[in-house]
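Student: So that we are looking at the same thing, I have put the structure below in structure tokens.
A short reminder: the numbers here are calculations on the coordinates, not readings from a lab. Just so you know, these numbers come straight off a predicted model, no measurement behind them. Neighbour counts are summed over all protein chains in view; Cβ atoms, including those assigned to glycine, are modelled from backbone coordinates with ideal geometry.
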Amino acid sequence: MNPAALVVVPGGAILFFSERNDAIMLTKRLAACAALVTPGGVVCDVGTDHAYLPAELLRRGQCTRAVATDIHAGPLEAAKRTLTEAGVLEQAELFLCDGLAQVQPEGITDVVIAGMGGETIIHILEDCPWRRQVHLILQPMTKIPDLRRWLAEQGFSWTEQAVQEGEKFYVVLSVFHSGTPGILSLLEQEVGCLDWQSQTARRYAGWKQQRFQKLAQQLRQAQRPEAEQWETLAETIQKKLQETDGKGETSC
């Protein structure tokens, strides 16, 4: 069912109101993931928790079928309730499993893994033999440079967008397999492949620059040799922000 209205509420959450005047709340980061899903496709939401994302995608008609997995029974029961209340349970399949272990790839166009650590996302993808066949939508919470390096080594290409919720920043990666392994620069590992014209991306890069500058100062005070590379990276980000001011450019 298509929504009748979309409302952004304080804190960055997004309410999608259906024709029945009920709503599911998606955070900005989940809304960013939802916007990347292939229209009319089949989405698999890994670690679905309450299944807010697949429920809203099905109710809006953005996907025709959804698969939702979780490693714990409690969240999967909550997911079933959400899908039932949204009136879309018949279009969904639920699996109690680790990552994609029990999911068959037939028909799946998009795999969403959001809200997990980068190392967990790598583990899930390493254990999935069909990871190269689908569009991956990844929203890591930690170990993001490790995830970027792994993706590049495995021959994946991607674009990124920064999302801000309050004072916190998140990145969402739209990933396809290109078959060409790559080696990332330190800037690409730590900041990512951003649209440097995006104001949110520029705020995110500025926040990262300040963190790296502070880290470099701490390392220099401790007389650690690594201080130089982080100081250089902070300077590179600052220069990049100056060079790309008002220009649409990505870093990788």
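Student: Hey, what's the Kirkwood Rh for the chain if you take every pair of different alpha carbons, in angstrom?
Tutor: Over the chain, the inverse of the mean reciprocal pair distance is 19.3 Å.
Student: With a ≥ b ≥ c the root eigenvalues of the C-alpha gyration tensor of the stretch 90-185, is it rounded (a/c under 1.5), prolate (a/b larger than b/c) or oblate?
Tutor: Oblate, since a/c reaches 1.5 and b/c is not below a/b.
Student: Right, next: Against the empirical 2.2 N^0.38 Å scaling, what ratio does the C-alpha Rg of the stretch 131-203 come to?
Tutor: My calculation over the Cα atoms of the stretch 131-203 gives 1.09.
Student: If you don't mind, another one. For Glu126, what charge total do you get from the other residues with a beta carbon under 13 Å from its beta carbon, if Lys and Arg give +1 and Asp and Glu give -1?
Tutor: My count for the surroundings of Glu126 gives -3.
Student: A further question follows. Looking at the chain, what % of its DSSP beta bridges pair antiparallel, to the nearest 5?
Tutor: Antiparallel: roughly 50 percent of the beta bridges in the chain.
Student: Which residue fluctuates most in the GNM of the chain (Cα springs below 10 Å): Glu226, Glu165, Glu77?
Tutor: Glu226
Student: Find how many whole Å separate the alpha carbon centroid of the stretch 44-103 from the alpha carbon centroid of the stretch 200-246.
Tutor: Computed from Cα coordinates, the inter-centre distance equals 40 Å.
Student: Can you tell me the order of 175-183, 66-74, 53-61 when each peptide is scored by its average per-residue count of other Cβ atoms within 10 angstrom, highest first? The partial results should precede the final answer.
Tutor: Working: 175-183: 13.2, 66-74: 19.2, 53-61: 24.1.
Top of the packing list down: 53-61, 66-74, 175-183.
Student: Name the shape class, rounded, prolate or oblate, that the alpha-carbon gyration tensor gives for the stretch 36-127, where a ≥ b ≥ c are the square roots of its eigenvalues, rounded holds for a/c under 1.5, and otherwise prolate holds if a/b is larger than b/c and oblate otherwise.
Tutor: In terms of gyration-tensor shape, oblate.
Student: Using a Gaussian network model of the chain with C-alpha springs under 10 Å, which one of Ala101, Ala35, Ala222 is most mobile by mean-square fluctuation?
Tutor: Ala222
Student: May I pose another question? Would you be so kind as to identify which of Val134, Gln238, Pro75 lies farthest towards the positive end of the dipole of the chain, taking Lys and Arg as +1 and Asp and Glu as -1 on Cβ and the Cα centre as origin?
Tutor: Gln238
Student: How high is the relative contact order of the chain, given as a whole-number percent (alpha carbon pairs under 8 Å, six or more residues apart)?
Tutor: About 13 percent, as a whole number.
Student: Let me know the shape class of the stretch 131-252, please: from the alpha-carbon gyration tensor, a ≥ b ≥ c as square roots of the eigenvalues, rounded when a/c is under 1.5, otherwise prolate if a/b is greater than b/c, or oblate.
Tutor: prolate
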